[in-house]
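Read the structure below first, then the notes.
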Amino acid sequence: MERPYSSPSSSSSSNSKPPPKKYDVFLSFRGEDTRNSFTSFLLHALKEKGIHDTFIDDELKSGKDISAELLKTIEESSCSIIVLSTNYANSTWCLKEFVKILDCRNTMEHIVLPIFFPVEPTHVQNKTGTFEEAFNELKEMKEMEKAILTENERQNIEKELKRWEDSLTQVGGISGFPLTERERISFSFS
């Protein structure tokens, strides 16, 4: 049985030490869903617990390639907290971060802590309910993009969609933190 919150390779021994990490935590979230509610409370709680080296996307430097900078920052973090919210799955940026986080989990002993807010883990894993609706919106947008692309570019989009679907299935199976209805309401109105 897999240990909660650990990476698959964390139980294997290795003689080489990983490089020191720049951040303790990388926060992945859909800004429009949770930035001014749950995520801001989470960031505050982490700081109160002494976890000050937390990356949140407002720390990106102007003029940098956002995608490359975010992916590098994930690698430079010991842990990622993924706040899986209603519209998380209709954001290309969120899903690119998401795949990178799970790649780091599988290859770099990166710890992943999913928080399901306000979606259920099974909705993420099986792509059902409101999470399915959000993911289908993204897929429809990608289908429209494919109409003007070359065959090779269309194939790349199909591969990317498949990676996203596989990663969503994988994270639904990682022990995480589904919030109760009461907890959801308290964060929504704070």
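The values are calculated or read from the model by the stated rules, or taken from the named source; none is laboratory data. These numbers were taken from a predicted model, which means no experiment stands behind them. A quick note on method: Cβ atoms are made from the backbone with ideal geometry, for glycine too, and the neighbour counts reach across all protein chains shown. Accessible surface is based on the protein model in full, side chains and every heavy atom, while ligands, DNA and RNA are left aside. Shrake-Rupley method; radii C 1.70, N 1.55, O 1.52, S 1.80 Å.
All conditions but one from (1) under 21 Å from D53 (Cα atoms); (2) open to solvent by less than 70 Å² (accessible area, probe 1.4 Å) apply to A89; the one that does not is (1). Checked against (1) touching a strand residue (DSSP E or B) at 6+ places or on another chain (Cβ under 8 Å); (2) surrounded by fewer than 21 Cβ atoms within 10 Å (Cβ to Cβ), I81 passes all but condition (2). Just so you know, in the stretch 92-139 the residues that are out of contact with any helix residue (DSSP H, G or I) (no Cβ under 6 Å at 6 or more places or on another chain) and among the aliphatic types (A, V, I, L, M) include one that is least open to solvent (accessible area, probe 1.4 Å), and it is I115.
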